[in-house]
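What follows is one structure encoded as structure tokens, with my remarks underneath.
The values are calculated or read from the model by the stated rules, or taken from the named source; none is laboratory data. All values derive from a computational prediction rather than experimental measurement. Quick reminder, even Gly has a Cβ in these numbers, built from the backbone with ideal geometry, and neighbours come from all protein chains shown. Please note that ligands, DNA and RNA were not included when accessible areas were found on the heavy atoms of the full protein model with its side chains. Shrake-Rupley method; radii C 1.70, N 1.55, O 1.52, S 1.80 Å.
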Amino acid sequence: MNLQQLRIIRETVRHGFNLTDTANALFTAQSGVSKHIKDLEDELGMELFIRHGKRLLGLTEPGKELLPICERILLDIQNVKRLGEQFAQQDKGRLTIAATHTQARYRLPSVVGQFRQEFPKVHLELRQCDPKEIVSLLHFGEADIGLATEALGEETDLVSFPFYQWQHAIVVPDGHPLAADTLPVTLEAVADYPIITYHGGYTGRARIDTAFANAGLVPDIVMSALDADVIKSYVELGLGVGIIAAMAFHPTRDAGLRLLEAPGLFPLNTTRIALKRGHYLRGYALRFIECCAPELNPARVMEAVFPRVGIE
């Protein structure tokens with residue numbers, strides 16, 4: 001048994017049991033991939049894949065048991081490399097952050113600025129993704145840190161911490177009737193107008209839907225978008241009332257629009273910082289997390305990522 005065989009098992013599953021794609025991902029020949037699989041099955045004395053002719057269709061029950069073991073072993077190999085790099089080059093390396101557009105655009109710039117001052121030799125890669133993609137990148141070790149409001153707290157192989165809380169607000173063009181009303185804006189008043197807001201699964205959209213449903217209202221959502229900048233653009237054109245994250249509004253940049261704060265109108269949202277359980281973090285990665293939330297000191301984060309096992 002060797003590490004290449006374990007990599008092949010993992011990559012075969014990742015690439016939908018397509019051996020051509022698996023071979024390309026590992027920069028090897030398809031025949032070599034097939035041979036490694038057969039050799040491992042012969043050594044273990046069991047079939048790992050369900051087959052139809054030469055095609056692989058899925059994992060057998062033993063294969064399903066083996067897959068998480070392969071992933072743990074390969075993760076630990078990566079951890080050994082990261083450990084060596086940590087002590088050999090403490091201020092150099094690569095840090096990959098996966099975040100939604102809202103976090104990357106409105107929350108992270110100050111954090112990244114502070115981090116770059118402290119670690120100018122670290123190559124920082126910021127990948128903007130939807131929440132499900134962030135989960136996938138963390139799971140496969142392709143991102144070190146993930147930031148999103150959705151999905152991150154639901155995955156058992158991830159460790160997540162609250163980052164900060166925020167609320168939605170209403171955005172309208174200057175002169176809009178909602179802006180002229182001296183009373184606090186209500187859901188009933190908002191529902192009288194066409195609405196432009198986030199696409200499902202992004203930036204707290206589920207909580208917006210919940211708020212209207214709980215009030216017995218059916219909003220006329222005429223357009224949905226992935227980020228607040230697009231929403232504001234179409235609100236400015238007069239196509240509807242916008243519902244955005246309050247932090248996405250800037251009075252100077254968004255001249256011509258009015259933000260109507262609506263505390264209590266929609267439920268609070270919590271953005272989370274997530275890490276893969278068992279994924280070794282370089283010192284600068286821990287410092288990035290601390291720049292985001294000072295209460296998340298390295299000891300607390302590492303204890304969660306590598307929990308101590310009690311011995312009786």
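Put simply, the amide H of residue 221, placed in the peptide plane, has neighbours under 5 Å in 195, leaving out anything fewer than 5 places away on its chain. May I ask you to work out the translational diffusion coefficient for segment 1-130 at 37 °C, viscosity 0.692 mPa s, via Stokes-Einstein with Rh from the Kirkwood sum over Cα pairs, reported in whole µm²/s? Once the numbers are plugged in, D ends up at 187 µm²/s.
Enter the per residue convex hull volume of segment 109-190, computed from alpha-carbon coordinates, in Å³ rounded to the nearest integer. Present the calculation step by step, with values, prior to reporting the outcome.
Details: hull volume 14.3 nm³, N = 82.
Here the figure is 175 Å³ per residue.
Solvent exposure of the chain amounts to 51 Å² per residue of accessible area, where only protein heavy atoms count and the probe is 1.4 Å.
Summarised in one figure, the compactness ratio Rg/Rh of segment 77-132, Cα atoms and Kirkwood Rh, is 1.05. Protein heavy-atom surface of segment 85-139, 1.4 angstrom probe: 45% of the accessible area is carbon and sulfur, with nucleic acids and ligands not counted. The Rg/Rh ratio of segment 256-305, with Rg taken over Cα atoms and Rh as the Kirkwood radius over Cα pairs, comes to 1.22. Dipole size of the chain about its Cα centre, with +1 on Lys/Arg Cβ and -1 on Asp/Glu Cβ: approximately 940 debye, rounded to the nearest 20. Counting only trypsin sites (Lys or Arg not before Pro) that DSSP places in a loop and that have at most 15 other Cβ atoms within 10 Å, the longest clean stretch of the chain runs over 122-252. Listed here are the pairs 64/132; 92/276; 38/132; 92/132; 121/232; which of them are more than 26 Å apart at the Cα? Flagged as over cut-off: 38/132; 92/132; 121/232. For segment 154-312, the ratio of Cα radius of gyration to the globular rule of thumb 2.2 N^0.38 Å stands at 1.31.
Rounded to the nearest 10 square angstrom, residue 224 shows an accessible area of 50 square angstrom against a 1.4 Å probe. Taking the accessible area of segment 231-312, probe 1.4 Å, and keeping the other protein chains in place, the carbon and sulfur fraction comes to 56%.
The ratio of the alpha-carbon radius of gyration of segment 181-223 to the globular-protein estimate 2.2 N^0.38 Å is 1.17.
Shape class for segment 228-272, computed from the alpha carbon gyration tensor (a ≥ b ≥ c): prolate, with a/c not under 1.5 and a/b above b/c. Projecting the Cα atoms of 101, 83, 123 onto the dipole axis of segment 72-127, where Lys and Arg carry +1 and Asp and Glu carry -1 at the beta carbon, places 101 farthest toward the positive end.
Considering only beta bridges that DSSP places wholly inside segment 38-185, some 30 percent are antiparallel. Need one word for segment 66-162: rounded, prolate or oblate. Basis is the Cα gyration tensor (sqrt eigenvalues a ≥ b ≥ c); a/c below 1.5 gives rounded, then a/b vs b/c decides. Taking the square roots of the gyration eigenvalues as a ≥ b ≥ c, segment 66-162 is oblate. Its DSSP H runs of at least 4 residues, each contributing -39,500 (n - 2.57), put the calculated 222 nm mean residue ellipticity of the chain at -12000 deg cm²/dmol, to the nearest 500. Here, the chain has an Rg and a Dmax of 24.1, 77 Å when only alpha carbons are counted. Values of log10 I(q)/I(0) for segment 154-208 across q = 0.24, 0.26, 0.31 Å⁻¹ run -1.14, -1.24, -1.37, by the Debye formula with one identical scatterer at each alpha carbon and no solvent.
Cα centroids of segment 176-243 and segment 36-64: how far apart, whole angstrom? Result: 52 Å between the Cα centres.
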